[in-house]
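Please read the structure below before turning to the comments.
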Amino acid sequence: MLINDFFSAFLIGILGAGHCIGMCSGIASALSFSISPTQKNGLLSLLLYNLGRISSYSLAGFIFAASSSVLIIWMGGKESLIYLRIFAAIMMLLLAFYIARLWNGLLIVERAGQFIWRFIKPLAQYFLPLKHPILAFPLGFFWGWLPCGLVYSTLVWAISTADAFNGLLIMLGFGLGTLPAMMLVGTLSHRLKTILNKQWFRYSSGLILALFALQTLYIAFKQLS
């Protein structure tokens, strides 16, 4: 079960890579040419930035899933968990529409996240301009809290497991799924973004996520009956 969740989250990260490139490619490109003119330092900065970003996702998955386990026990146990899974499936279905660009309702969720981001953003900006490659890690850690419908949808799924370790694995898998696209900067990222923005890819990605969401809904409703 844990392994299945990890690889499913990894797939979500890959399918949502086009969105990641759109939101974070600017800072990723800047980091790849930071510190010094040598490509080695630029790539190190980029790698550490992404590891910091993935660490923030994993920590969020751990904390929120652990919190939900306590809350679910307080609210009545198993039935509350099923309702939370239904909510997670709905969020995943909205994500499918979002990636396919059929409906951008998740933008509302992203706007809600701006409230928290305004407190975290100054911490992230403190590390800019980057003075040393190692500082790219804390920069990525704080930047990982940038409001993002893709992250939020996956995080809700992690929360619905009500298991701290499983929540961590889901968000780790998701983060690693976004890593290949985020490590490609400059010309390569533009070429990849062109492919990811193709209608056939967006619709195929949306369909896969929609099927995953519907399967989760089916299992949850079956558990209620």
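Every read-out reported here was derived from the displayed coordinates using simple, explicitly stated rules and does not represent laboratory data. Note that the coordinates shown come from a computational prediction; the quantities given were computed from them, not determined experimentally. Every residue, glycine among them, receives a Cβ derived from its backbone with ideal geometry; neighbour counts consider all protein chains shown.
Could you tell me the relative contact order of the range 2-224? Use alpha-carbon pairs under 8 Å, at least six residues apart, and round to a whole percent.
Once normalised by length, the contact order is 42 percent.
Evaluate E = 1/(1 + (r/R0)^6) for THR194 and ALA112, where r is the Cβ-Cβ distance and R0 equals 41 Å; express this FRET efficiency to the nearest 0.05.
So the FRET efficiency works out to roughly 0.85.
Place the peptides 90-101, 121-132 in order of packing, highest mean first, counting for every residue the other Cβ atoms within 10 Å and averaging per peptide.
The packing order, highest mean first, is 90-101, 121-132.
If you wrap a convex hull around the C-alpha atoms of the chain and split its volume per residue, what is the figure in Å³?
112
Give the aspartates and glutamates whose C-alpha is closer than 16 Å to that of LYS121, dropping any in the same chain fewer than 8 places away, or say none.
Candidates past the 8-residue exclusion: GLU110.
Classify the range 60-109: rounded, prolate or oblate, from the alpha-carbon gyration tensor (a ≥ b ≥ c, eigenvalue square roots; a/c under 1.5 rounded; otherwise prolate if a/b is larger than b/c)?
Since a/c reaches 1.5 and a/b is larger than b/c, the shape of the range 60-109 is classed as prolate.
In degrees between 0 and 90, to the nearest 10, how far off the longest principal axis of the chain does helix 199-224 point, with axes built from Cα atoms?
Long axis of 199-224 versus the principal axis of the chain: about 30 degrees.
Would you calculate, for the chain, the mean residue ellipticity at 222 nm contributed by helices, counting each DSSP H stretch of 4 or more residues as -39,500 (n - 2.57) and dividing by all residues, to the nearest 500?
Helices in the chain give a 222 nm mean residue ellipticity of -28000 deg cm²/dmol.
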